[in-house]
Amino acid sequence: MKEHPILFSTPMVRAILAGQKTVTRRVIRGVSPGADRPLAMCGAVSFSDTGRWITCPYGAPGDRLWVRETWRYESDGVAMYRADVADHLAHRAKWRPGIHLRREHARLFLAVEDVRVERIHMIDCEDARREGIGSGPWADERDGFARLWQKINGKRAPWASNPWVWRVQFRRLP
């Protein structure tokens, strides 16, 4: 078993804490959206346009992820997490980006259950719910996920380009 860090935004940390998020999709770096169907094997994938094997940075089934989330130190030196603070109170504090959270301050650990390679457009409404998307001002959960994807990844991997992604399924550890 290996451990890997993974960065989540505050709303996604809240969805994990609420038991609503059990899947995440992350862009496979170094692969063009137009690449042919990949050859996958044991947590690694090879695309025809690169000819090299790319290993999933989020591990393989049986590995653990530790969550990097927005945080800060309290006056007594204890870590506090942005996801635990109401939005109307959060602006009063100086928060540190999750990328700077060290392993010893992590409070969320996830067991990787499945890793797949797919195109982002393969997501359906059920899997969008597993991504933490609930009801909202959109046609359905898939549309809500597409909007969120575009907001987070639109500059480097727009929804319209249908990029290849790692689909990582996990469960929260106690």
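A single entry from S46, S9 fulfils the requirement of being of a type in the set (G, A, S) and either in contact with a helix residue (DSSP H, G or I) (Cβ under 8 Å, 6 or more places away or on another chain) or farther than 23 Å from W166 by Cβ (or both): S9.
Go through the residues of segment 78-101 one by one and say whether even a single one is surrounded by 15 or more Cβ atoms within 10 Å (Cβ to Cβ), under 15 Å from the mean Cα position of the chain (by Cα), closer than 24 Å to R37 by Cα and not hydrophobic (A, V, I, L, M, F, W, C). No - not one qualifying residue is present in segment 78-101.
Scan segment 120-131 and report the pairs whose first residue is without any contact (Cβ under 8 Å) to a residue 24 or more places away in the chain and whose second residue is crowded, with 22+ Cβ neighbours inside 10 Å, with Cβ atoms within less than 6 Å and a gap of 6+ or a chain change. Close Cβ pairs (under 6 Å, with a partner that is crowded, with 22+ Cβ neighbours inside 10 Å) amount to C125/E141; A128/E141; A128/F145.
For segment 131-156, the tally of residues that are buried (at least 19 other Cβ atoms within 10 Å of the Cβ), assigned to a helix (DSSP H, G or I), of a type in the set (D, E, K, R) and out of contact with any Cys (no Cβ under 7 Å at 6 or more places or on another chain) stands at 0.
Of all the criteria given as (1) closer than 22 Å to I6 by Cβ; (2) surrounded by fewer than 15 Cβ atoms within 10 Å (Cβ to Cβ), the one not satisfied by W159 is (2). For residues in segment 18-34 being buried (at least 16 other Cβ atoms within 10 Å of the Cβ) and of a type in the set (A, V, I, L, M, F, W, C), which is nearest to the chain's Cα centre (by Cα)? The selected residue is V23. Pairs meeting the criteria (first residue in segment 162-173 and at positive phi, second residue modelled with pLDDT under 95 and buried (at least 23 other Cβ atoms within 10 Å of the Cβ), beta carbons under 9 Å, at least 6 apart or on different chains) are lacking.
Please specify each residue of segment 109-123 satisfying the condition of being under 11 Å from A40 (Cα atoms) and of a type in the set (A, V, I, L, M).
V115, V117
The set of residues from segment 16-44 being in a strand (DSSP E or B) and under 18 Å from R129 (Cβ atoms) comprises K21, V23, T24, R25.
The values are calculated or read from the model by the stated rules, or taken from the named source; none is laboratory data. All values derive from a computational prediction rather than experimental measurement. Cβ coordinates were reconstructed from backbone atoms using ideal geometry, including for glycine residues, and neighbour counts include every protein chain displayed.
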